[in-house]
Amino acid sequence: QVQLVESGGGLVQAGGSLRLSCAASGRTISRNGMGWFRQAPGKEREFVASINWSGGSTSYADSVKGRFTISRDNAKNTMYLQMNSLSPEDTAVYYCAAAITSALMTSLWNFGSWGQGTQVTVSS
């Protein structure tokens, strides 16, 4: 079983940027599609972005398209989420997850391993 640990969250002002990292251990994630999800208080966990095993295909929620960029470094067993032009609506706990296949996935039901999450708070 792979272990996923997110880092890079914090408090930032509206319009600012953060870069989240997801470090994997226990086994390689180079054969897994990967994704980022987020959950705000009182809301369901929602899809943010995903990437296939090679990094050649990506998908984004409409709410973050053009502002967030997902990437991965298989040599480092790590995935990233660059978040720019942050707004208070982006405030949530952000989770990274490993998909059950190598393909590009967007539904949380296709992700079998999850990190503990990292808090992102955007002040107005």
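Which of the residues that make up the stretch 55-73 are loosely packed, with under 14 Cβ neighbours inside 10 Å and either touching a His at 6+ places or on another chain (Cβ under 9 Å) or touching a residue at least 24 places away in the same chain (Cβ under 8 Å) (or both)?
The answer is Ser57, and nothing else.
Return the only residue of Arg72, Arg45 being closer than 22 Å to Gly9 by Cα and touching a helix residue (DSSP H, G or I) at 6+ places or on another chain (Cβ under 8 Å). Give the steps one after another, and end with the answer.
Values: Arg72 fails: touching a helix residue (DSSP H, G or I) at 6+ places or on another chain (Cβ under 8 Å).
Selected residue: Arg45, the only one of Arg72, Arg45 that is closer than 22 Å to Gly9 by Cα and touching a helix residue (DSSP H, G or I) at 6+ places or on another chain (Cβ under 8 Å).
I'm checking my understanding of the structure. Among residues of the stretch 2-34 that are surrounded by fewer than 14 Cβ atoms within 10 Å (Cβ to Cβ) and at positive phi, which one is modelled with the lowest pLDDT?
Gly26
Quick check on this structure: which one of Phe47, Phe37 is in contact (Cβ under 8 Å) with a residue 12 or more places away in the chain and open to solvent by less than 30 Å² (accessible area, probe 1.4 Å)? Walk me through it before giving the result.
Numbers: Phe47 fails: open to solvent by less than 30 Å² (accessible area, probe 1.4 Å).
The unique qualifying residue is Phe37.
Do we find a residue being open to solvent by 60 Å² or more (accessible area, probe 1.4 Å), aliphatic (A, V, I, L, M) and modelled with pLDDT of 95 or more anywhere in the stretch 86-96? Step through it out loud before you land on a result.
Taking the stretch 86-96 as the starting set, the residues that turn out to be open to solvent by 60 Å² or more (accessible area, probe 1.4 Å) are 89.
The next check asks that each one be aliphatic (A, V, I, L, M); those that pass are none.
No: zero hits.
Looking at the stretch 55-121, what strands (runs of 3 or more DSSP E) fall wholly within it and have at least 2 residues that are aliphatic (A, V, I, L, M) and within 13 Å of the chain's Cα centre (by Cα)?
78-83, 92-99
The values are calculated or read from the model by the stated rules, or taken from the named source; none is laboratory data. Note that the structure is a prediction, hence the values are computed from the model and not measured. Glycine gets a Cβ as well: all are built from the backbone with ideal geometry, and neighbour counts include every protein chain shown. Quick note on the areas: whole protein, heavy atoms, side chains included, nothing else; ligands and nucleic acids left out. Shrake-Rupley method; radii C 1.70, N 1.55, O 1.52, S 1.80 Å.
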